[in-house]
Amino acid sequence: MGLETDLAKLVEEQPAGPGIKCLLYKNANNPTVAVHGSILAGTSSEPLGKSGLAELTTRLLIRGTRKLGAGKIADQLESVGAAVSFRNSQDSIIFQARMTSPWTKRVLGVVEDCLTRPALSPRDIEREREGLLTDIRLRDDDTTRRGMRELQRLVYPPGHPYRKDRFGTAETVKDIDRSDIKDYFENVISKAPTLIAFAGQFKKDGVVSWAERTFGTRDEKRNNSKKSGEPNLASKSVKREIVMPHKTQADILIGAVACSRTEPDYEPLNLLNVILGELGFMGRLGQRVRDKEGLAYSCTSFLNAGIAGGSWTALAGVNPRNVAKALELMKEEIERVRQELVEEQELADAKQNQLGSALMELESTEGIARTSHNLAHFDLGLDYFVKRRQLFSKITREDLMSMGKKYLDSSRLSTVIVGPRLKG
């Protein structure tokens, strides 16, 4: 056993006002402090027709405040070896900070200023808009990212919050003006529930007071507004081919809607995915398509699971001449886990892989802050790793086959092929 089994005893949960929770892991022997927080206001909270608004607003948070310009923020952080970042995701706007303990007050002061008094100046908006438009062009010229965007649109039904692309489109981003950004900041970001995890050497009263002062009163009701129920598995199999003549590699993507992170199916489905696309070098998919047949540069799979749902994706990068054969073999391996029990050793290895990953994540203050935050974000409980060990002991090969039959049915799997030449 290790830190993961004692997390519930070592991390204190402390409310800091309505809709605000702090998680505190104190370690007097580590002179650093890590902060991992989230505001429930990511891409899924954007108003209709304003795709890219959350991303653009998030990028502006570090561009300067009414008191500190971007250069001054950088100087204050770099002079003490600290780092602060803001990142948009589907569910939340995530903020992180890392510092040595003596500089906690200064660094948290910068974070507070960014989150409460961003300048949102017209000049900065145009600069960040151009940066986002460049990233959109790069995304649309990348076979993998172009394919992921299209697959996302195929597997999630219209109206689902995860169907939105985080960057938006060139058209929607160009239409966003300062009033949209200001309204989104004041009426969504500044009111959404907030969760902050601290790990390292800090004063409890100091960080809790900072959270109370920075975030004020939040709308607690939004905490449950995005929770998913049983996933809608009624999506049909669709195939899309996107021609990019100037590319030399083709990407094959196969995917379907899966479960959210909070559903009972998550752990057995995750173990099945570890066997299919992660164990060893890219799991069964990589072993068959890449190593044995030599048809792919890479071949793997992954499970994305959020608050409002999730998706499963298999991905291969291949020579365009190998698309048809590689796709056939990928489908064979997917069908095999639906029809045949995985090996006992494969299941044991997958379980150990996930248990070991949790231990490795808790090796640093950043990892402890991130892990405790994520457990609370999904309402899993800080004792989750203890419960998961017990759950793992009960998950069988038959359970994994059941997950395959439920989520990886060929009649539901959609396929996207992106590259220089269509199949055939």
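For the chain, what is the calculated [θ] at 222 nm in deg cm²/dmol (nearest 500), taking -39500 (n - 2.57) for each run of four or more DSSP H residues and dividing by its residue count?
Details: 16 runs with 184 residues, N = 424.
So the helix-based figure for the chain works out to -13500 deg cm²/dmol.
Start at zero, step by 5 Å, and the Cα-Cα distances of segment 90-140 spread as 5, 15, 14, 17, 21, 14, 10, 4, 1 percent across the bins. Ranking Leu23, Ala258, Phe215 by Cα position along the charge dipole of the chain, where only Lys, Arg, Asp and Glu carry charges on their C-beta atoms, puts Phe215 farthest toward the positive end. Cross-link partners of Lys325 among aspartates and glutamates, defined as those whose alpha carbon lies under 17 angstrom from its own and excluding same-chain residues fewer than eight positions apart: Glu241, Asp251, Asp291, Glu293, Glu333, Glu335.
Scanning residues 5 or more positions from Tyr297 or on other chains, those with amide H under 5 Å from its amide H are Gly317, Val318, Asn319, with H placed 1.01 Å from N in the peptide plane. Taken about its Cα centre, the chain carries a charge dipole of roughly 760 debye when the Cβ of each Lys and Arg holds +1 and the Cβ of each Asp and Glu holds -1. Close amide H partners of Asn27, meaning residues 5 or more places away or on another chain with modelled amide H under 5 Å apart, are Gly200, Gln201, Phe202. Scalar couplings 3J(HN,Hα) for segment 194-202, obtained by applying the Karplus form with A = 6.51, B = -1.76, C = 1.60 to θ = phi - 60°, are 10, 10, 10, 10, 10, 9, x, 9, 8 Hz; x denotes Gly and Pro. Please label the shape of segment 339-423 as rounded, prolate or oblate, based on the square roots a ≥ b ≥ c of the eigenvalues of the alpha-carbon gyration tensor (a/c under 1.5 means rounded; beyond that, a/b larger than b/c means prolate, else oblate). Cα axes put segment 339-423 in the oblate bin. Charge tally for Lys26 (other residues, Cβ to Cβ under 14 Å; Lys, Arg +1; Asp, Glu -1): -1.
Shape descriptor for segment 24-171: Rg over Rh equals 1.03 (Cα atoms; Rh from the Kirkwood inverse mean 1/r). Descending by average beta-carbon neighbour count within 10 Å, the peptides 319-328, 335-344, 85-94 line up as 85-94, 319-328, 335-344, the highest first.
The angle between the Cα long axis of helix 204-215 and the main principal axis of the chain comes to about 80°, on a 0 to 90 degree scale. Compactness of the chain was expressed as the Cα radius of gyration divided by 2.2 N^0.38 Å, which yields 1.03.
With the dipole of segment 283-424 worked out from charges on the C-beta (+1 for Lys and Arg, -1 for Asp and Glu) around the Cα centre, which of Gly381, Tyr407, Leu327 lies farthest toward the positive end? My answer, from the dipole projection, is Leu327.
Ratio of segment 88-216's C-alpha Rg to 2.2 N^0.38 Å, to two decimals?
Relative to the 2.2 N^0.38 Å estimate, segment 88-216 comes out at 1.30.
The string of couplings for segment 14-28 from the Karplus curve (6.51, -1.76, 1.60, θ = phi - 60°) is 9, x, 10, x, x, x, 10, 10, 10, 10, 10, 10, 9, 9, 5 Hz, one whole number per residue in order, with x for Gly and Pro. With respect to the chain, whose longest principal axis is taken over its alpha-carbon atoms, helix 323-339 is tilted by about 90°. For segment 44-51, putting each phi into the Karplus relation 6.51 cos²θ - 1.76 cosθ + 1.60 with θ = phi - 60° gives couplings of 5, 9, 5, x, 4, x, 10, 4 Hz, in residue order, rounded to whole numbers and with x for Gly and Pro. Amide H to amide H distances under 5 Å link Asn88 with Ile94, where only residues 5 or more positions off or on other chains count and H is placed in the peptide plane.
Sorting the segments 136-149, 36-49 by their mean number of nearby beta carbons within 10 angstrom, highest to lowest, gives 36-49, 136-149. Hey, what angle do you get for helix 266-277 against the long axis of the chain, alpha-carbon based, 0 to 90 degrees rounded to 10? Tilt relative to the chain: about 60 degrees.
Throughout, read-outs are computed from the coordinates displayed, never taken from laboratory work. Remember, it's a predicted structure, so these values are computed and weren't measured experimentally. Every residue, glycine as well, gets a Cβ built from its backbone with ideal geometry; the counts of neighbours run over all protein chains shown.
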